[in-house]
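*Asks:* Okay, here's the structure, questions in a sec.
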Amino acid sequence: MKSAGKAAIWVAFSKWLGLLSGLISLIVVARLLTPEDFGVYGFLLVVLVIPEVFSSDSLNEVLIQRADLKTEHSNSVFLSSLVFATLFFGLIQLGAPYIATLFDVPSLSDYLRAMSVVLFMGALSAVPAALLQRHMRFREITIVDVIGYVVGAIVGVSSAVIFQNAWALVAMEMSRRFVRMLAFLYFANWWPSFRTNIHEFRSLLRFKLASIGLRLVAAGDISIPRLFVGLYLGPAALGMFNLAIRIQNQAMQALVSPFGAVAFPVASKTQNDLPTLYKTMSTAIWLAGFIAYPAFIGAAAAAPVIVPVVLGTQWNDAIIAIQISMLMGIRLPSSAFNGGVLRGVGKPGLLLKVSVFALLVLVLMLPFASRISLEAVMIALAFQKFLGWLLSSWAVYQAVRFPITRQILAGSSVLVASLAMGAGIWWASDHLPLNWSDPAKVVAIIGLGVVLYVGGLVMASPSMAKRGTRSLILLFRGDRKLAIANLRNMP
């Protein structure tokens, strides 16, 4: 619990700073660019998602899960990543013109050829990032993330001012990944090597296959909707979809990931001590919900007021998509922990089955939804996400016997308070004085949300509200021991 608490604090600091810099850069870039520019970048994400799964995103997880780790294991993962990165880089260089023709975006070819360089950055980052996470060195990971966020934001905003097209988004992402790669290599004190053997490679193969399968399914969850939106609704709709999902992801990274990030290593270390694992899960779900529920629900309710003022009127057509995307976040405090727990206790195959079923449901819905509207696609995606959440909760119960009701009810009091707050914001949005300025309306809505949430939480569970608030204050003050001690009595 102490190690997990310290790790969560460092991750939280990183993600909250990332949210701040990410939102600032996103606001500036979104005001300078158009939905079509974000749509072009969305096509890049569709093409690169599968290559990145093989070159970086999944192979390194075996280094975290394995109990006895040798140098040959790390080298095996690096070599596999590098081979896949080289293969897909070559295919993209050759096939870029044909991909651009398929999506009817002639300029996409140049963007693809430039962006595919990130495959090598991912291959070089995979092993050192896993080694730092394995040893729960989240202080160093935090420094890496902060450097990446800051450099990416500076480069992205500067490029948006200069180019005012999708090259700004490409430059932002490539610069962020490049500095992260260098920082990971430095802090892990690891250097690439080809020294390995077939025996060590085979010992990792089973977990690799399951991990790759999970990552492919996760990639399909977001790339397949992007593909259907881009093909049937056009680049502008894809840009709006991409923005809506990006806002949700940034909020998730800042509000939920600090707790979910430690699930994998903690579950690996406590898989033979189930009471400790149960306590860790309950505490993390409640505290994540304490922060995330009001943020997601409040953002969904306030979007009609905030989006035109903050992002610009060119994004008004994306408001409903953003609202649906925010409401998907209700499932995250629980579901963010489920995947890490199943991988940590050596049950990635069970999670894979659940994920494949949920993806198949989405694939069946998308051909119909994408012919209707962007909002229909978002509704289909939301249904699939909630279905996957329920199924993953069942999978956790099957793996470690952690009750489904305990998972769902861990944050029920804060969810009720957040829903009441959202209803109040939704009503107030239509009754603000017409003579108020747009910034005044935004400030008023945010202030009202804070008052309603605090009041609702105190009424729903006074003792838990006091304990949760005190824990967060202690975390911000850096008093980790008292914060963790205060969390031990959480539900």
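The values are calculated or read from the model by the stated rules, or taken from the named source; none is laboratory data. This structure is a prediction, so every number in the text was calculated from the model and none was measured. Virtual Cβ from ideal backbone geometry, glycine too; neighbours counted across all protein chains shown. What goes into the accessible areas is simple: the full protein's heavy atoms, side chains included, and nothing from ligands, DNA or RNA. Shrake-Rupley method; radii C 1.70, N 1.55, O 1.52, S 1.80 Å.
*Asks:* Name every residue in the stretch 94-147 that is free of Cβ contacts under 8 Å to residues at least 40 places away in the same chain, within 30 Å of Ala237 (Cα to Cα) and open to solvent by 50 Å² or more (accessible area, probe 1.4 Å), in order of residue number.
*Replies:* Selection gives Leu94, Pro97, Tyr98, Thr101, Leu102, Asp104, Pro106, Asp110, Arg113.
*Asks:* Another question, if that's okay. Given the condition closer than 23 Å to Gly411 by Cβ and surrounded by 23 or more Cβ atoms within 10 Å (Cβ to Cβ), answer yes or no: does some residue in the stretch 312-319 qualify?
*Replies:* Within the stretch 312-319, the first condition is being closer than 23 Å to Gly411 by Cβ, and the residues that meet it are none.
Scanning the stretch 312-319, I find no residue that is closer than 23 Å to Gly411 by Cβ and surrounded by 23 or more Cβ atoms within 10 Å (Cβ to Cβ), so the answer is no.
*Asks:* Continuing with the same structure: Do any helices (runs of 4 or more DSSP H) entirely within the stretch 308-405 hold 2 or more residues that are closer than 18 Å to Val256 by Cα and at pLDDT below 85, and if so, which? Full working, then the answer.
*Replies:* Details: elements: 319-328, 332-344, 348-369, 374-400.
The helices (runs of 4 or more DSSP H) meeting that bar are 332-344.
*Asks:* Hey, which of the helices (runs of 4 or more DSSP H) in the stretch 415-491, taking only ones fully inside, have at least 3 residues that are among the β-branched types (Val, Ile, Thr), modelled with pLDDT of 85 or more and under 28 Å from the mean Cα position of the chain (by Cα)?
*Replies:* On the way: elements: 438-460, 462-477, 480-487.
Because the criterion is at least 3 residues that are among the β-branched types (Val, Ile, Thr), modelled with pLDDT of 85 or more and under 28 Å from the mean Cα position of the chain (by Cα), the helices (runs of 4 or more DSSP H) in the stretch 415-491 that meet it are 438-460.
*Asks:* Applying the selection to the stretch 341-363, what residues are open to solvent by less than 30 Å² (accessible area, probe 1.4 Å) and free of Cβ contacts under 8 Å to residues at least 12 places away in the same chain?
*Replies:* Result: no residue meets the conditions.
*Asks:* How many residues are open to solvent by 40 Å² or more (accessible area, probe 1.4 Å) and at pLDDT below 85 if we restrict to the stretch 279-307?
*Replies:* So the answer is 1.
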